[in-house]
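Below you'll find the structure, written out as structure tokens, and then a few comments.
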Amino acid sequence: MNNNNGWYLFEPLEKPLLTEEQVTNIAENLLLPIDNTKFTEAISDESQMQTSGANSLPAGFTYFGQFIAHDIVPKSNTMGRQLADRRNVSPLLNLESLYGDSASHSILFDSDGLFRHSGKSFDVYRDVNYRAIIPEPRNAENAIVLQFHRLWQRIHNMCMQRVNEQLGIVVPVDTRFDTAKRLTISLFQLITIDDYLQHVLHEHVYKCYFEDQSIPLGLMSESSTFPSVPTEFSHACFRFGHSMVQPSYDLSQDTTKTLNDLLNFKSPMTSDVEIDWQFFFNENSPSMQSAKMVSLNVAMGMHNILDNATQINIAKANIHAGNNKQLISGRHLYTQLQNKLPSNAADNLLKNFRYQPSAKLRNVLTVQGKELPSPLWLTVLDEARVNRRTRQNKRSLGLLTSIVVADVVRKSIYEYVKSEYGTCKFEELRSVLLDRVKPFYNIDEIKKENRINLWQIIHLLSRKEKNMADNRNIWEVQNAWVDQVLDRENIPPEVSRYMPVATPVLDTDDSFMLSMNTVSQPEASLPLYKMKLLTAAGQWDNAALAFFNTSTFYEDPHNKYLLRCNMEGKLNNQLVSLLMVTIEFDPKEKAYITTNFWEIKSNTSGNEQKSTASTTSYRWRG
């Protein structure tokens, strides 16, 4: 429902739940001693760094959630922010925060449709003042979020290469870019469902929304309007991640940084804040860190965040945000869900559910001997804590919060899919996304327990980038290499006039391209009807050079050749010239063997065909 304060799932209050003084008192109570125990993360048993295990939540999901929020939730406080930094945020989870709009395309991307960067694989593209050139400025305020942003730029570049392999570079770059963009978005949405939501949602809610969908349920239907994410989501329910932040993180084997270090990093980023993502997402690694469990215990570093030279207490800001928007109290969330959900869904989800505020929450809400009503955000945190105590589930949100989060994120993905691919049903959403990803990825290669896992994508990306880096030195040669490979001196003049021009192009760290084009030379003396123009390009894939699937280049099925290409051209419809170039690697001598085969076929007056052929071979080292 629409209101002057925004769009709501539930009818907002007629006036704020608390006074400004009460908001301040409650926020201060979060740090006061309670029952002779200092209520901070320093000595709370719930906030200690967890080791990996079945019930631990990978630390990276704290920032995965923040990245989602920055994509679909407008910044609640734009004071002090330059007008150019105020992005018009869409409620659709479409990675607009990554791709920006058409006006920024030429700044963000190079001519091949790949994200530009600063020269460091972990940092984004920057201007002369070292300001991050990204569509969403909030992603540049934290070294972890900014590198997560860069990670998805790299994943886009990998997707672009996959699209090039499938479509071939004869397809216009704009078409290939749009395909790669849609592929990246579908991959992100699929991982959001399969990995992020599966980790953070209450188990029963996740099954009802994304697995066993036999009972129709939802606060919003497929046809509901979706002008923005609901205020209950943006100002309370999806702010649970603020309590998951740890006071410090291991970024790699040898580097540990405090939260303050990560919020006040140098620009451009230096290698001392470079992240090894296995410390944040690899659940099979003993090095993986866990997020703090969602609870009323917010890390001390979150009480003095610097935003535009202003110190912000995140706990107070969150309580104030919901209060200012006149959100319902946490105690009324159950009743509102029961009334809003379809009756069969309410019976399925809420049957036998009872929520009572914890003793800690009641102490926090007690001001001058009077217990105040609970702001929705505090109930979100407390419900998760109570859920852990009753269900021994240390990693998920409570049931009520999970319903709101699942409903909004599903609708946000659904609206994008509907706008791009046509109307479908909620229960078909995941299969539609899988169908978009399957043509470009071996799904079995990146699945974990029948779900796509972000760590598997990161691992695949790292392997691709390493292979390209290991083999790039082969192509770092002088311009003379082109003539050397083609062995122009031994090719007859009538063929050399129409020989390919090869250009090794070293673009970004994510992309190597070798392009060859057949061209007609202007000094050609023979009349030319029209020579077929062939273009192709390739990049390193695993141990061999895999080329885009065009008529010019192709990967040898027996993996014998690192490079193999066939080219042909017609002259006056009578002369047919053929060139085949192969490059093999001799591991014993660590040398490359180039073989050129050319053949000229011409028709005689009696329509008999005359052929001239030759083969040359030589060795060289990259």
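General observations
- Within region 425-453, the residues that satisfy the criterion of being modelled with pLDDT of 90 or more and either over 30 Å from Asn282 (Cβ atoms) or in contact with a Leu (Cβ under 9 Å, 6 or more places away or on another chain) (or both) are Lys425, Phe426, Glu427, Glu428, Arg430, Leu433, Leu434, Arg436, Val437.
- Selected residue [among the hydroxyl-bearing types (Ser, Thr, Tyr), more than 22 Å from Gln147 (Cα to Cα), open to solvent by less than 60 Å² (accessible area, probe 1.4 Å) and at pLDDT below 95] from Ser76, Ser56: Ser56
- Under the condition of being touching a residue at least 40 places away in the same chain (Cβ under 8 Å) and open to solvent by 60 Å² or more (accessible area, probe 1.4 Å), the residues counted in region 205-216 number 1.
- Taken over region 230-244, residues that are open to solvent by 10 Å² or more (accessible area, probe 1.4 Å) and either part of a loop (DSSP other than H, G, I, E, B) or free of Cβ contacts under 8 Å to residues at least 40 places away in the same chain (or both) amount to 1.
- Yes/no for Asn318 being touching a residue at least 40 places away in the same chain (Cβ under 8 Å) and open to solvent by 40 Å² or more (accessible area, probe 1.4 Å): no
- Boolean, Leu219 is assigned to a loop (DSSP other than H, G, I, E, B), open to solvent by less than 20 Å² (accessible area, probe 1.4 Å) and under 30 Å from Gln338 (Cβ atoms): yes
- One residue from Lys257, Lys292 being charged (D, E, K, R), crowded, with 16+ Cβ neighbours inside 10 Å and closer than 21 Å to Thr379 by Cα: Lys292
- For region 171-193, the criterion of being acidic (Asp, Glu) and either touching a Lys or Arg at 6+ places or on another chain (Cβ under 8 Å) or crowded, with 22+ Cβ neighbours inside 10 Å (or both) is met by no residue.
The values are calculated or read from the model by the stated rules, or taken from the named source; none is laboratory data. Computed from a prediction, not measured in an experiment: that's the story for all the values here. Positions of Cβ are generated from backbone atoms using ideal geometry, with glycine treated the same way; all protein chains shown enter the neighbour counts. Just the protein is used for accessible areas: all its heavy atoms, side chains included, with ligands, DNA and RNA removed. Shrake-Rupley method; radii C 1.70, N 1.55, O 1.52, S 1.80 Å.
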